[in-house]
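Before any comments, here is the structure.
The values are calculated or read from the model by the stated rules, or taken from the named source; none is laboratory data. Not measured: the values here are computed from a predicted model. All Cβ positions, even for glycine, are placed from backbone atoms using ideal geometry, and neighbour counts span all protein chains on display.
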Amino acid sequence: MNVKFVFKYLTLFIFIFSCSQKEEQISVLKQNNLELQMIETYKDAYKEFERGDVIYAGKKFAEAELLYPQSIWAPRAVLMSAYGYFSQGYYSDAINDLERFLKKYKNHPHTSYAYYLLALCHYDQIIDEKKDFNEIIKSKKYFQYIVKNYPKTEYALDSSYKLEYITEITASKEMYLARYYVQREKWIPAINRFKIVVNNYDTTIYVEEALHRLVELHYKLGLIDEAKKYASLLGYNYQSSKWYEASYRIVNKDYSKNKVKKKDDRDTILKKFKNLFK
């Protein structure tokens, strides 16, 4: 009785084990087959990409990823799709791919590249600082993230250069708004905008004009001491600037007379010098 039971149990175990092995072999075959299909689809997508048909290539790259998302080729397919869209100016499609990549393939070796390409997608859409401020803010955010989190990569250096330009165009926008208020004789909002440029964008090319406008507006409002304060600041940092000369004319009404007098003195000296050779 015991022998029959053991025999039945052993037979059942062999049957189950045999089925398990077959299922495992089928699973491996299916897995290998899927990976081969995925690689072939990836190759087809890459051929279309090289031909310049990025729309069809993007669809094929997406298909390759779906076939076998566990493969090392899956995240590469997403990045290739994103780059293809980016290269032809399909920024929305590229951004969708990159955001999905960063969410789905966290800690991937090419994460820094994904952030850099994402920053460029927003950066390349900046045409007019007065209209594209949302793109300015987003590109700045991603470039700063790269510099902070991937400082030793090649993307960090270029991100730093891009951030300098973004600072310039942001200051330009503030100057545009300040001039807008000046034209409408809204002096206080204009002063506040010029102060933003002086306080937050003092490394840009706009700081000299902003200081001069602060001299001009404060003098107009009768705030002479404030006007002189900004004139001194402008003179200390940019004495050779045309804006300093313009500010000096405002706070020193004798400037023109003194300039003429100096010119006369110079002419007199030249005449005396010429007389030596008569």
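Numbers below:
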| item | result |
| --- | --- |
| Pairs, first outside the structural domain of Ala210 (by TED's automatic domain parsing) in the stretch 220-249, second assigned to a loop (DSSP other than H, G, I, E, B) and among the hydrophobic types (A, V, I, L, M, F, W, C), C-beta under 8 Å, six or more apart | none |
| Count of the stretch 121-134 residues which are over 11 Å from Ser159 (Cβ atoms) and within 8 Å of the chain's Cα centre (by Cα) | 1 |
| Condition broken by Met80, with the remaining ones in (1) assigned to a helix (DSSP H, G or I); (2) within 14 Å of Glu35 (Cα to Cα) satisfied | (2) |
| Answer residue from the stretch 232-249, given it is loosely packed, with under 13 Cβ neighbours inside 10 Å and assigned to a loop (DSSP other than H, G, I, E, B) and is modelled with the highest pLDDT among those | Gln239 |
| Among (1) surrounded by fewer than 14 Cβ atoms within 10 Å (Cβ to Cβ); (2) under 30 Å from Lys220 (Cβ atoms), the one test that Glu168 misses | (1) |
| Residue within the stretch 109-131 that is in a helix (DSSP H, G or I), surrounded by 17 or more Cβ atoms within 10 Å (Cβ to Cβ) and touching a Pro at 6+ places or on another chain (Cβ under 7 Å) present | no |
